[in-house]
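Presented below is the structure to which this report refers.
The values are calculated or read from the model by the stated rules, or taken from the named source; none is laboratory data. Just so it is clear, the model here is predicted, and its values are computed rather than measured. When we count neighbours, we look across all protein chains shown, and the Cβ atoms used for this are built from the backbone with ideal geometry, even at glycine. Accessible surface is based on the protein model in full, side chains and every heavy atom, while ligands, DNA and RNA are left aside. Shrake-Rupley method; radii C 1.70, N 1.55, O 1.52, S 1.80 Å.
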Amino acid sequence: MGQRTGSADLPLHGGRVPEWLAGRMARLGRVIVEAIMLHYGRPELLRRLAHPFSFQSLGAVMGMDWHSSGITTSVIGALRRGLADAEWELGIHVCGGRGRHSRRTPAELLAVGERVGLDGARLGEHSRLVAKVDSAAVQDGFELYLHGFIVADDGSWAVVQQGMNPARRQARRLHGGRAPAVPRVRRHDGDGPRAAADVATGARAVAARPGAAPAPAAAGRPARPAGGEPPT
């Protein structure tokens, strides 16, 4: 079981982002994920997704810069679309989502586990427990309608959930995760052998893509990124 890492209250809005914006968010989200993995590795990517401020900033950079409940569904949906054909290379899998997609999370985790050698059933149990705790014990009047579960090939994960309270016209986003087995990577020039190995893994995955730019020289610390509903 993971630990709670934060929450954010947002105005509850309906509607969807236009298709042209959803497509741009998917493409840009993929590039940002690859950049974070290249410079910092998978642990830092999961840490940022599990932090409410970093997640909010990611959505703004991707193009959803409204203070709205839609930023959560838009970012999760865009990452699902953008990473769909690269998840096995990068070792990052975005499962679940809004509505019916959230109910498919256990089956998606089983499929990931069978392919990469993880205990998919146990991951599914983590997913169900987190959803149950947030809906029954934490949400306090907010009914869950989104459950995003992002898992890495090493078994570490981050969870992003959101509930709504129509009477208050408010949404609440909850974040959590399980710490990875390797230490957090703060500098792309390495914090030790295990951190360097994780960065190298991400770099190899990104560089393996056709047309990928070569990895930059490890000469300094790169800048940290600043921190409607998508079509279903």
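Here are 63, 82, 59: which of them is of a type outside the set (A, V, I, L, M, F, W, C) and closer than 21 Å to residue 105 by Cα? Spell out how you get there, then give the answer.
Details: 63 fails: closer than 21 Å to residue 105 by Cα; 59 fails: closer than 21 Å to residue 105 by Cα.
Only one candidate qualifies: 82.
Can you pull out the residues in region 3-37 that are open to solvent by 30 Å² or more (accessible area, probe 1.4 Å), closer than 23 Å to residue 177 by Cα, of a type outside the set (D, E, K, R) and touching a His at 6+ places or on another chain (Cβ under 8 Å)?
5, 7 - these are the residues of region 3-37 that are open to solvent by 30 Å² or more (accessible area, probe 1.4 Å), closer than 23 Å to residue 177 by Cα, of a type outside the set (D, E, K, R) and touching a His at 6+ places or on another chain (Cβ under 8 Å).
Return the residue satisfying two criteria in turn: it lies in region 74-120 and is more than 21 Å from residue 14 (Cβ to Cβ) and β-branched (Val, Ile, Thr), and of such residues it is most open to solvent (accessible area, probe 1.4 Å).
Result: 116.
Can you say whether residue 134 is surrounded by 22 or more Cβ atoms within 10 Å (Cβ to Cβ), of a type in the set (D, E, K, R), modelled with pLDDT under 90 and more than 22 Å from residue 29 (Cα to Cα), as far as the supplied structure shows? So that I can check it myself, show each step before the final result.
On the way: surrounded by 22 or more Cβ atoms within 10 Å (Cβ to Cβ): yes; of a type in the set (D, E, K, R): yes; modelled with pLDDT under 90: yes; more than 22 Å from residue 29 (Cα to Cα): yes.
Yes.
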